[in-house]
1. If I filter the stretch 522-565 down to residues being over 17 Å from residue 602 (Cα atoms) and among the small types (Gly, Ala, Ser), which single residue comes out as surrounded by the most Cβ atoms within 10 Å (Cβ to Cβ)?
2. Given the condition among the acidic types (Asp, Glu), in contact (Cβ under 8 Å) with a residue 12 or more places away in the chain and not in a strand (DSSP E or B), answer yes or no: does some residue in the stretch 100-109 qualify?
3. Please indicate, with yes or no, whether at least one residue in the stretch 330-346 is over 26 Å from residue 69 (Cα atoms), modelled with pLDDT of 90 or more and not basic (Lys, Arg).
4. If you go through the stretch 380-403 one residue at a time, how many are closer than 20 Å to residue 324 by Cα, surrounded by 15 or more Cβ atoms within 10 Å (Cβ to Cβ) and in contact with a helix residue (DSSP H, G or I) (Cβ under 7 Å, 6 or more places away or on another chain)?
5. Residue pairs, Cβ under 9 Å, 6 or more apart or interchain, first in the stretch 162-176 and under 21 Å from residue 135 (Cβ atoms) and touching a residue at least 24 places away in the same chain (Cβ under 8 Å), second part of a helix (DSSP H, G or I) and basic (Lys, Arg). List them.
6. Of the residues 217, 152, only one is free of Cβ contacts under 8 Å to residues at least 24 places away in the same chain, small (Gly, Ala, Ser) and on the phi < 0 side of the Ramachandran plot; which?
7. Which residues, taken from the stretch 344-371, are more than 16 Å from residue 307 (Cβ to Cβ), in contact (Cβ under 8 Å) with a residue 12 or more places away in the chain, part of a helix (DSSP H, G or I) and in contact with a helix residue (DSSP H, G or I) (Cβ under 7 Å, 6 or more places away or on another chain)?
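The values are calculated or read from the model by the stated rules, or taken from the named source; none is laboratory data. Since we're looking at a predicted model, the values are computed, not measured. Every residue, glycine among them, receives a Cβ derived from its backbone with ideal geometry; neighbour counts consider all protein chains shown.
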Amino acid sequence: MSLTPAFMDELRSRISISDVVGRKVMWDQRKSNTGKGDLWAPCPFHHEKSASFHVDDQKGYYYCFGCQAKGDALKFVQETENVGFMEAVEILAREAGMEMPARDPKAQQKQDRRTLLIEVMEQAVQFFRLQLKTHNAGPARAYLQGRGFTPASLDRWEIGFAPDGWQNLWDHLRGKSVPEELILAAGLSKASTKGGKPYDTFRNRIMFPIRDARGRAIAFGGRAMDPNDNAKYLNSPETELFDKGRSLYNQAPARAAAGRGTPLIVAEGYMDVIALSEAGFQSSVAPLGTAVTENQLQMMWRMSDEPIIALDGDQAGLRAAMRVVDLALPLLQAGKSLRFAIMPDGQDPDDLIKAKGPEAVQEVLDQAMPMVKLLWQRETEGKVFDSPERKAALDKALREKIRLIRDSSIRKHYGEDIKDLRWTLFRGNRPDGDRSFDDFAPDQGGYQQGGYQKGGFQKGGARGGFGDGGRKPWKGKNATPAPLASTRSSLLAAADEAELQRVREAVVLAVAITTPQMVVEFEANLERMHCADSTLAALRDQLLRFGVDDPDGLRERIHENLGPQALENLMTLRHVAIIPCLRKPDDCEAARQTLAEEFAKLEAMRGLDAELAEAEEDLTGLADEALTWRLKQAAEARNRAVRSENEDKANFDVGENGARLDREERDAFGALLDRIGFTQK
């Protein structure tokens with residue numbers, strides 16, 4: 001199919017993004033201006049209470065200031081409906097009353113073939129359903145009845161039966177004039193290697209249709225009735241319709257249920273999914289005969305931010321859980337994770353529902369553990385750590401797993417949780433008065449929680465186990481030194497190193513508001529600017545909302561939305577008032593240079609924070625050359641981010657104020673190095 005620019009332009013002109021998005025969100029009436037197409041709502045892509053999801057109806061774009069999701073109506077349909085680009089175009093074209101352009105011959109031929117294969121699969125579904133009602137299917141009906149199926153549930157799940165015999169389905173479809181090639185291509189029969197007629201793939205099995213995200217039959221799963229069959233469960237072979245690594249059983253109904261806010265449950269097989277759904281857990285899916293794949297994991301995350309992996313309470317179930325953990329670690333993102341619900345030993349969800357009812361399953365789901373707990377359990381369960389070597393082996397194994405996480409923020413939080421768990425295991429249960437560790441004061445490293453902190457041990461930590469909480473900190477030769485007087489007096493160190501970032505952000509906002517014509521050029525940088533301070537974050541949001549479209553009215557908009565004090569408080573900050581370009585609001589070049597400089601420093605600070613976060617992960621023992629080198633690299637990164645006094649004076653003509661600000665920055669970084677126990681030589 002050829003989608004011309006003219007077709008796409010007309011499609012976008014006919015549809016309203018507010019109408020498309022409005023089907024999935026509730027607009028914030030206080031914050032939205034419907035008449036101007038300026039609409040706000042809680043984001044549909046991440047859980048939040050505030051309305052940070054913005055839709056600009058005139059431009060046809062959405063943007064979330066919380067999770068940074070952005071795009072047009074097509075992208076929104078793709079993300080929320082879990083469909084591809086062409087399917088999203090077809091959905092919106094139908095709504096707009098437009099005919100899709102004619103497909104090119106090859107694409108049309110391929111689509112026509114898929115349509116024919118799907119029709120063959122639907123005929124097979126009906127054949128198997130009819131066979132379940134025959135005399136030969138008596139044992140299969142008895143088995144299903146014993147598993148709790150009613151006539152209504154059999155119809156609801158379209159359960160069927162493949163009779164014993166080599167060509168039952170083949171003969172039926174050929175009698176309906178279905179071409180042999182299509183039967184083979186659909187995976188319903190296999191060619192004989194002995195020159196005879198093709199034979200049915202499924203024989204003497206209870207049949208479960210597998211449908212795609214659009215509800216089309218693409219494959220089957222068959223449960224053997226013969227207990228001596230080599231394969232208890234058998235799936236269709238991979239075909240033009242079916243890729244088992246990209247499919248989930250019960251995908252379409254589960255996606256719809258998850259969209260209504262119910263948690264997504266991932267079970268092991270068809271029977272578990274059916275039992276869970278019939279018990280009220282309708283957002284349940286299962287992989288198809290293979291371990292969970294990366295594609296399936298991404299499909300789950302599109303349906304739910306935190307799917308619950310519900311596994312049997314046996315060794316096979318636990319091994320499956322661990323494989324999922326290893327797969328998911330490199331793919332984790334903020335707000336996208338997994339939880340694990342392990343059924344009681346020897347039971348699966350179906351067994352538990354029959355034995356104790358849906359309430360018992362809900363109780364297990366409520367106790368689902370996060371990934372970090374399961375990772376810890378795997379490395380520690382059944383093991384004894386009674387020697388330094390065994391403890392070191394545990395540290396190494398956990399560190400290797402945590403380093404698989406690509407997101408530095410998530411990696412840092414995993415490290416902190418592991419430190420808490422390690423503390424409890426190794427030191428949290430020491431009796432009062434036990435001073436066996438007190439003679440060992442490591443130069444660096446350690447655990448902040450409990451009583452063991454960087455630079456030495458401290459009595460009476462939050463986790464106990466080290467005696468009287470009223471005693472003063474242990475003073476050893478390597479105890480953390482008191483901060484220097486210059487550091488204590490520094491504006492930047494007063495609120496820890498985060499204050500330095502706030503200073504930079506305030507300068508950026510002041511310059512951008514004073515010279516709003518620069519907002520277009522630096523819009524991407526402003527979007528990435530974190531602004532932990534809520535007041536600065538509000539100013540940044542106003543800049544992004546109005547700085548591009550209404551630069552001349554920007555100050556008035558800020559005054560209306562944030563009050564008269566917002567700008568006054570910003571412009572009177574000491575470190576803002578000394579910026580030279582603010583005294584020349586028409587000097588765009590000076591503003592551009594200042595913004596480029598400040599954004600570069602913010603990027604350098606983020607790089608430093610990431611380096612320090614990785615370095616802190618290694619602070620679990622004595623300092624070594626590698627750790628010293630990494631901290632030296634971090635120091636050099638900060639030094640590159642902070643210009644010298646002469647350079648600041650030459651470029652910005654700040655004078656003494658600029659020199660004092662640089663000294664404060666260096667003092668703040670010195671305090672940071674002191675805090676983590678590193679001394680430059």
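1. Filtering the stretch 522-565 down to residues over 17 Å from residue 602 (Cα atoms) leaves 534-535, 538-539, 541-565.
Keeping just the survivors that are among the small types (Gly, Ala, Ser) gives 534, 538, 547, 553, 563.
On the way: 534: 8, 538: 15, 547: 23, 553: 13, 563: 11.
Looking at the filtered set, the residue picked out is 547.
2. Initially, the stretch 100-109 is screened for residues among the acidic types (Asp, Glu), giving 104.
Then drop every residue that is not in contact (Cβ under 8 Å) with a residue 12 or more places away in the chain, which leaves 104.
Still in the running and not in a strand (DSSP E or B): 104.
Checked against the condition, which is being among the acidic types (Asp, Glu), in contact (Cβ under 8 Å) with a residue 12 or more places away in the chain and not in a strand (DSSP E or B), the stretch 100-109 yields at least one hit.
3. If we filter the stretch 330-346 for residues that are over 26 Å from residue 69 (Cα atoms), which is where we start, we get 340-346.
Next, from what is left, pick out any that are modelled with pLDDT of 90 or more: 340-341.
From what's left, not basic (Lys, Arg): 340-341.
Yes, the stretch 330-346 contains at least one residue that is over 26 Å from residue 69 (Cα atoms), modelled with pLDDT of 90 or more and not basic (Lys, Arg).
4. In the first step, residues of the stretch 380-403 are kept if they are closer than 20 Å to residue 324 by Cα; the result is 380-381, 397-403.
Restricting the remaining residues to those that are surrounded by 15 or more Cβ atoms within 10 Å (Cβ to Cβ) gives 380, 398, 401-403.
In the following step, the residues that additionally are in contact with a helix residue (DSSP H, G or I) (Cβ under 7 Å, 6 or more places away or on another chain) were identified as 380, 398, 401-402.
Residues that pass the stated criteria total 4.
5. 167/174
6. On the way: 217 fails: free of Cβ contacts under 8 Å to residues at least 24 places away in the same chain.
Checking each option against the conditions leaves just 152.
7. The answer is 350, 352, 353.
To keep it simple, each residue is scored yes or no on (1) part of a helix (DSSP H, G or I); (2) assigned by TED's automatic domain parsing to the domain that holds residue 329; (3) among the β-branched types (Val, Ile, Thr); (4) at pLDDT below 90.
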site	(1), (2), (3), (4)
386	no, no, no, yes
389	yes, no, no, no
395	yes, no, no, no
398	yes, no, no, no
404	no, no, no, no
414	yes, no, no, no
417	yes, no, no, no
424	yes, no, yes, yes
